[in-house]
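Asks: Please see the structure below; I have some questions.
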Amino acid sequence: MTLLRSRLIVATACTLASVNCCTTLIVGKAASADGSVMATHSDDAESNPDPRLVRVPAQTYPAGSKRDIFYDTEGFPRFVGNRGVDAYLPSNNPGYNMSIPIGSIPQVEHTFSYFEATYGILNEKQVGIGESTCSAIFGTQARGHGGHALFSIDSLSRIALERSATAREAVQLMGDLAVKEGFYGADAFEGTGESLMVVDPEEGFIFHILPDDTGRSAVWAAQRVPDAHVGVVANMFTIRTLDPNATTAGKADFLFSPTVHAIAKKNGWWSPSDGLLDFTKVYSDGEYAHKYYSGRRMWGAYRMLAPELSIPAEYADLRPQQVYPATTPTTKKLGPRDLMAVHRTFYEGTKYSLTNGVAAGPFGNPDRYATTTQQKGNWERSIALYRTSESHVVQARSWLPDAVGGVMWFGPAAAHGTVYVPFAAGVASLPTQYATGDPGHISRESAYWAHKYTLNVARLRYSDMIADIKVKQDEFESAAWARVANLTASEPLPALTKEMSDFAERVVREWWKLPDYLIQKYADGYLEDAKPLGYPEGWLTMAKYAEGPPQPPAEPKLPHCCNPTTDRYYEHPHQAAVRARGSAFVPQCNGGLRVCISNCGTEADEAAYAQCVQRCSAACSGGVL
């Protein structure tokens, strides 16, 4: 066990291979446009993520069976072995060793089918999950890796979906297992705690968990999200006062581990005389990486989800101060596409927008890559992020059967470059392109690589190319939402499975075509190889374009010509003779041209005079001398 209250963790950047600096949202059924309960997740992994989406089938086991628990590295591949998923078989992971269990628990007779990426996503009972790693005051190691704890959040989320028919059951099950067998977090720079958004068709919970002070158990708490509320978690605990007496419809609004108060009291961080225990103040270790790393995302999400909420963008310290609520009511009726928009935001239109400034380059690229500099500094942390391996929205709907009421909207790679495609909870299979995605080997058969590749090309001229990408995103997602919003209880599942797979495969095909289209349209800074697009004026000013190499020395310029339709003609003594020789020049007139011709003098040499008049005539007709 490691005590972290002294804040000994060095905050350099979220750059370790295993970390997942994620953002999650949750929406109660009265805050949604159609009565859905929704949760989201962005898996903002660093290098070597495992972005594959798979469907784990329902299974039946003999009495006395064991359920193996594996150590979770959160890298590629996340598992190698037989779990009823072809993508995990050794034959599909050549060069990688079989996963070895670190322990086991009794298996149940029957498990539910569910979708899985790094964490469990949605099961056949419409229980859905989104994950965000959080800082915490205690840390420990897994069994077989220097510690005694059996469960990571990865394993807990999968077991919850295998065994739970409601969100409340899932929360209680995960908490009980972790208390009994021990919990370990990422134990990296980003923190040793975890948070999940857990939803079903009727309600949703925010769930927080961390190791206890012995390293052999866990401390956890869960808060029910009021039906008309929304909530945000962004790599930091948000649950505040634990009220054991608060209920909704006769059921507790707060669930928590048996020792949550005793451990806080033993360490001198809380006493009963303080009133209700503030879970975040006691058990969080605050923001990691830098100030505003978590808070700015909470502010950015709430300003879109609940625009009537007045909250500051800046503050002193997010841990002891309750700057942002764990949940808040909203008058905005939200749908899945509203949540997708939040996951795509770079705070555009505010002073924190990452599409502005010198770091965005001439074409407003909001992506800020990890740095290796020794300089002390940080980038603003946005919700949308270039290194996201996948993001999803889970939607649970009580008025439909589970098979079509539950929908997972899945977006491979970064949210601002992806298309969210829907899969109903009851589909029997997923397209192979979504179960393919080794980050170390590009594959034209991979949905992850199709979206990752396209966004990387779009960074060549982001402001223009992302506009084309948005058009295609809207085209696909509008069509998908029209279909999902009209799913009925009588949908034949085999046909729906094929329809949704065909749609997702079409997205992948179109996304592989996009890079060529974008290059052709914007190659070499031209539009369709015809119109030069140049640079924005503001960026040219920042780049000091005006201070570049000067123009060549100016040649003497003749006076600007007059208007030959209004000024009277001016005759020169030599003009008749010049005209008689057939020399071509326009009629002269008063004004600038008259002065010009006057300067030709009264030379006896008619040829010299004629050349001078021709130069003046060129000026009058718009030429530059």
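Asks: Assuming Ala63 fulfils every condition listed in (1) more than 31 Å from the chain's Cα centre (by Cα); (2) surrounded by 14 or more Cβ atoms within 10 Å (Cβ to Cβ) apart from one, which condition is it?
Replies: The single condition Ala63 does not satisfy is (2).
Asks: For Glu181, indicate whether it is closer than 23 Å to Trp399 by Cα and surrounded by fewer than 24 Cβ atoms within 10 Å (Cβ to Cβ).
Replies: In short, no.
Asks: Go through the stretch 256-268 residue by residue and tally those that are assigned to a loop (DSSP other than H, G, I, E, B), without any contact (Cβ under 8 Å) to a residue 24 or more places away in the chain and either within 35 Å of the chain's Cα centre (by Cα) or crowded, with 16+ Cβ neighbours inside 10 Å (or both).
Replies: Qualifying residue count, the stretch 256-268: 0.
Asks: Across the stretch 199-225, which residue is farthest from Thr133 (Cα to Cα) among those that are small (Gly, Ala, Ser) and in a strand (DSSP E or B)?
Replies: Gly204
Asks: Among the residues of the stretch 318-332, is any closer than 20 Å to Ser32 by Cβ, among the hydrophobic types (A, V, I, L, M, F, W, C) and touching a residue at least 24 places away in the same chain (Cβ under 8 Å)?
Replies: Yes, the conditions are met somewhere in the stretch 318-332.
Asks: Does any residue of the stretch 458-475 turn out to be under 20 Å from the mean Cα position of the chain (by Cα) and under 30 Å from Val85 (Cα atoms)?
Replies: Looking through the stretch 458-475, at least one residue is under 20 Å from the mean Cα position of the chain (by Cα) and under 30 Å from Val85 (Cα atoms).
Asks: Yes or no: the stretch 27-41 includes at least one residue that is in contact with a strand residue (DSSP E or B) (Cβ under 7 Å, 6 or more places away or on another chain), at pLDDT 95 or above, closer than 16 Å to Met408 by Cα and basic (Lys, Arg).
Replies: no
Asks: Also: Considering (1) assigned to a strand (DSSP E or B); (2) more than 30 Å from Ser391 (Cα to Cα), say which one Leu276 fails and leave the rest.
Replies: Leu276 satisfies every listed condition except (1).
Asks: Same structure, new question: Ser294: closer than 14 Å to Thr23 by Cβ and either polar (S, T, N, Q) or surrounded by fewer than 16 Cβ atoms within 10 Å (Cβ to Cβ) (or both), yes or no?
Replies: Judged against the criteria, Ser294 is a match.
Asks: Continuing with this model, one more query. Residues of the stretch 93-120 being in contact with an Asp or Glu (Cβ under 6 Å, 6 or more places away or on another chain) and aromatic (Phe, Trp, Tyr), which ones?
Replies: Those that are in contact with an Asp or Glu (Cβ under 6 Å, 6 or more places away or on another chain) and aromatic (Phe, Trp, Tyr): Phe112, Tyr119.
Asks: Being basic (Lys, Arg) and at pLDDT below 70, is that true of even one residue in the stretch 580-603?
Replies: yes
For (1) in contact with a Leu (Cβ under 8 Å, 6 or more places away or on another chain); (2) of a type in the set (Phe, Trp, Tyr); (3) buried (at least 23 other Cβ atoms within 10 Å of the Cβ), each residue gets a yes or a no:
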position	(1), (2), (3)
Gly250	no, no, no
Phe254	yes, yes, no
Gly275	no, no, no
Ala301	yes, no, yes
Ala313	no, no, no
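Asks: Of all residues in the stretch 297-325 being of a type in the set (Gly, Ala, Ser) and out of contact with any strand residue (DSSP E or B) (no Cβ under 6 Å at 6 or more places or on another chain), which is nearest to Asp44 (Cα to Cα)?
Replies: Gly300
The values are calculated or read from the model by the stated rules, or taken from the named source; none is laboratory data. Only a predicted model underlies this, so the values are computations on that prediction, with no experimental measurement involved. Positions of Cβ are generated from backbone atoms using ideal geometry, with glycine treated the same way; all protein chains shown enter the neighbour counts.
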